[in-house]
Amino acid sequence: MSDARAITELAKRRGFFFGSNEAYGGVAGFYTFGPEGAALKRNVEAAWRDRFTVREGNDEIEAPTIMPEPVFEASGHLDGFDDMLVECGECGESHRADHLVEDASDVEEAESLPIPEVEELVAEYEIACPSCGAALAGRSIEEFNLMFATTIGPGSGQQGYLRPETAQGIFVEFPRLKEYARNKLPFGVTQIGRAYRNEISPRKGIVRTREFTQAELEQFVDPDDDDPPLDRVADVSLRLYPADQQEDPDGEYVEATVAEAVEEGIVASEWVAYYLGVAREWYDRIGVDGDRFRFRQHLPGERAHYAADCWDAESEVSGVASADPTAGDWIEIAGFAYRGDYDLSKHAAHGDDDFTVFEQYDEPRTVERAVADPDMSVLGPEFGGRAGDVADALRALAERDPSAFEGETVTVEVDGEAVTVDTDVANFRIEERTEAGEHVTPHVVEPSFGVDRTVYTLIAHGYGHDLIDGEERTYLSLSPEVAPTDVAVFPLVSDAALEEVADDIVADLRAAGLSVAHDDSGNIGRRYRRQDEVGTPLSVTVDHESVEETPTTVTVRDRDTTAQVRVPVDELAAELEGVLESGGSFETLLAGYDRVETDVTRS
RNA sequence: GCGCCGUUGGUCCAGUGGUAGGACAGUGGCUUCCCAAGCCACUAGCCCGGGUUCAAUUCCCGGACGGCGCACCA
């Protein structure tokens with residue numbers, strides 16, 4: 001069985017994830033996380049929050065998932081997400097009608113034209129299907145927007161959309177967030193939440209869905225002054241797959257530390273490089289296999305026009321760990337983009353608020369500035385309703401070209417018409433002003449993580465087989481930090497005395513904050529296997545010795561190796577917590593307690 | 001959206017124009033056993049709609065869902 005099939009089967013059978021609404025036939029692109037999957041995902045989110053929010057000193061917000069249309073006009077999603085598809089009547093291929101028109105004619109931005117007009121252009125330029133050459137004239141063009149539309153309020157209401165990414169919720173609230181940050185750059189805002197895309201064709205199960213969870217950080221920086229704390233991750237080694245290597249048939253990975261990647265210019269942005277390092281460490285911590293992981297640079301055509309540099313984190317999910325970058329099945333699990341001031345500038349242009357930060361200079365600066373201060377008592381009577389526009393034009397001209405005010409009169413263009421006024425009336429002068437600082441539109445560095453795909457990766461990378469006493473075993477080698485259940489507790493046999501001890505241990509461990517499973521059904525081997533399959537790192541078994549000897553001891557079994565140690569119940573909770581916490585290991589138990597000699601063989 | 005293939009207990013499969021069988025899993029019991037053991041019993045299924053037929057899980061058409069390829073993935 002392929003890894004993908006085995007994982008899907010395990011996910012369904014053991015409650016990690018499965019298609020939603022199956023009782024009603026299901027809907028493509030929607031998945032429900034069952035108890036194990038929801039716990040795993042929750043733990044991944046908590047680990048992300050710990051690393052990217054808490055440890056970076058950032059702030060997390062929670063914005064609505066439904067936002068009004070103007071937000072997406074500003075962000076570009078309304079146009080950019082809108083595809084005009086025309087389907088060929090001969091071969092059935094779908095193509096972007098706007099692209100075809102742009103290629104065949106000198107029409108630009110066909111995307112912004114109304115559908116009937118594009119249909120006419122297709123006919124007028126006798127555009128043929130790029131795949132089979134059949135004429136496309138007369139075919140109807142389907143409009144498809146990847147955003148889910150909804151109506152806000154009763155009646156016709158206000159047009160709204162489910163957000164296609166969590167990021168806009170941060171950008172749009174920037175004016176308040178910068179106040180909260182007391183106008184000091186740099187600062188970072190995170191959000192973990194659902195986003196929605198009405199995918200044409202959802203595929204690959206949980207990897208590409210119509211509703212999914214993102215964990216995003218928007219790091220706002222001053223492009224001139226703010227540098228990342230690069231030294232913290234300087235020595236983290238990265239497997240990089242730069243664009244030039246991707247375009248070369250014999251392309252190879254470039255292994256470099258964060259410091260080297262910056263020095264050699266492989267990663268253009270220091271901020272991006274910093275977060276590649278942070279992410280690499282984090283992925284390692286939650287259990288992503290470094291041999292099946294890489295950072296891939298976007299190819300020039302793939303990159304959004306505003307992104308100076310963009311890298312994706314990718315994981316291999318079919319079981320192939322190869323030095324050949326073209327081998328294996330890679331999925332994108334995070335993106336790291338330097339977005340410049342694109343997002344905030346867009347919202348500044350469309351929205352009402354101030355999307356800049358005022359940065360004070362160390363010393364106030366005296367600057368000379370050419371200004372026009374038109375005499376409105378003259379302009380008013382002369383130009384009537386246009387007086388304001390004339391004054392604005394004069395002020396703009398003064399800033400742009402002070403020399404225009406050297407003559408007796410000055411001419412500006414208002415509504416395409418030349419308007420001449422006396423220079424005296426324009427009241428032009430060079431003004432000396434003291435400036436305490438300047439308004440800066442912050443640049444944005446955006447590490448954006450797909451939580452569902454990360455969960456899938458952890459299952460794929462943790463998935464393992466071995467033989468225990470000749471019997472095949474499936475186990476999930478999940479990191480203790482993200483495993484759905486911390487520890488399982490079993491009475492070795494159905495015996496009231498053993499069960500009582502086991503029940504007490506369950507209560508104690510739960511009181512200590514651990515996630516505990518209890519299972520007394522079936523023989524002990526069967527119960528170990530159940531827990532192995534859902535990735536429970538530790539199992540505690542109460543046996544006869546537990547109730548016969550003093551002090552009371554129990555065995556603790558390690559999921560991956562099946563090794564066991566005998567630990568006094570009094571010390572159990574503290575010892576288990578030690579193993580489970582970030583950086584902990586079963587090795588410490590092996591070193592501190594008697595190993596239980598069993599004749600169980602593992603191969 | 002298009003093309004090809006598929007859909008049978010929880011999971012994975014077999015099979016049939018007269019409504020089904022296995023394996024594994026699950027539940028109860030015996031066994032009291034530290035790695036899916038054994039024995040007994042039990043639970044549980046033909047994706048949906050239409051057509052052909054005396055009769056459809058089976059054949060035909062459509063749909064939904066899934067897999068793969070194409071397109072799409074801002």
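Things worth noting here:
- Ligands, DNA and RNA are left out, and with a 1.4 angstrom probe the accessible area of region A:150-248 is 46 Å² per residue.
- Treating r as the C-beta distance of A:Ala46 and A:Asp415 and R0 as 56 Å, the FRET efficiency rounds to 0.45.
- Taking the protein heavy atoms of region A:419-464 in the context of the full set of protein chains, the accessible area attributed to carbon and sulfur is 38 percent at 1.4 Å.
- Protection-proxy order for peptides A:284-294, A:431-441, each taking the mean of Cβ atoms within 10 Å per residue, highest first: A:284-294, A:431-441
- One quarter of the surface of the convex hull around the alpha-carbon atoms of region A:485-595 equals 6.2 nm², the direction-averaged projected area.
- Simple spin-label estimate for A:Asp222 and A:Arg526 in nanometres, 7 Å along Cα-Cβ: 6.8 nm
- Distant-in-sequence amide H partners of A:Met147 (H built 1.01 Å from N, under 5 Å): A:Asn198
- Taking a sphere under 10 Å around the Cβ of A:Glu216 and counting the other residues whose Cβ falls inside, with K and R at +1 and D and E at -1, yields a net charge of -3.
- Centroid-to-centroid, using Cα positions, region A:474-534 and region A:314-381 are 51 Å apart.
- Burial order of peptide ranges A:370-377, A:550-557 (average beta-carbon count within 10 Å, highest first): A:550-557, A:370-377
- By average C-beta atoms within 10 angstrom, highest first, the peptides A:477-484, A:406-413: A:477-484, A:406-413
- Over chain A, volume per residue of the alpha carbon convex hull, in Å³: 244 Å³
- Length-normalised contact order of region A:187-290 in % [C-alpha pairs under 8 Å, at least 6 apart]: 21 percent
- Distant-in-sequence amide H partners of A:Ile333 (H built 1.01 Å from N, under 5 Å): A:Ala313, A:Glu314, A:Ser315
- Note on A:Ala38 and A:Glu73: the extension gain reaches 9.2 nm, defined as 0.36 nm multiplied by sequence separation minus the Cα-Cα distance.
- Restricting attention to chain A, lysine pairs at least eight places apart or on different chains and with alpha-carbon atoms under 27 angstrom apart total 5.
- Potential extension, A:Glu399-A:Thr151 segment - 0.36 nm per residue separation minus Cα distance: 84.8 nm
- Distance between the modelled labels on A:Ala512 and A:Arg429, one decimal in nanometres: 7.9 nm (7 Å Cα→Cβ projection).
- Here the 3J(HN,Hα) profile of region A:61-72, calculated from phi with Karplus coefficients 6.51, -1.76 and 1.60 at θ = phi - 60°, is 10, 9, 9, x, 8, 9, 9, x, 3, x, 4, 8 Hz, Gly and Pro shown as x.
- Added length on full extension, which subtracts the Cα-Cα distance from 0.36 nm per residue, A:Asp59 to A:Arg285: 79.2 nm
- Based on Cα contacts under 8 Å between residues 6+ apart, chain A shows a relative contact order of 12 percent.
- Model label sites at A:Glu581 and A:Ser494, defined 7 Å from Cα along the beta-carbon direction, differ in position by 4.0 nm.
- The fraction of accessible area contributed by carbon and sulfur in region A:217-368 is 40 percent, rounded to a whole number (1.4 Å probe; ligands and nucleic acids excluded).
- In order along region A:328-335, the phi-based Karplus estimate (6.51 cos²θ - 1.76 cosθ + 1.60, θ = phi - 60°) of 3J(HN,Hα) comes to x, 10, 9, 10, 7, 10, 7, x Hz; Gly and Pro are listed as x.
- Here region A:192-213 and region A:382-458 have alpha carbon centers that stand 42 Å from each other.
- Along region A:172-179 the Karplus relation, 6.51 cos²θ - 1.76 cosθ + 1.60 evaluated at θ = phi - 60°, assigns HN-Hα couplings of 5, 9, 3, x, 7, 5, 5, 5 Hz to successive residues, with x for each Gly and Pro.
- Applying 1/(1 + (r/R0)^6) with r as the Cβ-Cβ distance of A:Asp324 and A:Glu363 and R0 = 56 angstrom yields a FRET efficiency of 0.45.
- Between A:Val489 and A:Ala517, A:His518, A:Asp519, A:Val540, the built amide H atoms are under 5 Å apart, and every one of these is 5 or more places off in sequence or on another chain.
- Entry comment: accessible area of region A:363-435 is 63 Å² per residue, from protein heavy atoms only and a probe of 1.4 Å.
The values are calculated or read from the model by the stated rules, or taken from the named source; none is laboratory data. As the structure is a prediction and not an experimental result, all values here were calculated from the model. Glycine gets a Cβ as well: all are built from the backbone with ideal geometry, and neighbour counts include every protein chain shown. Only protein heavy atoms, including side chains, enter the accessible area calculation; ligands, DNA and RNA are left aside. Shrake-Rupley method; radii C 1.70, N 1.55, O 1.52, S 1.80 Å.
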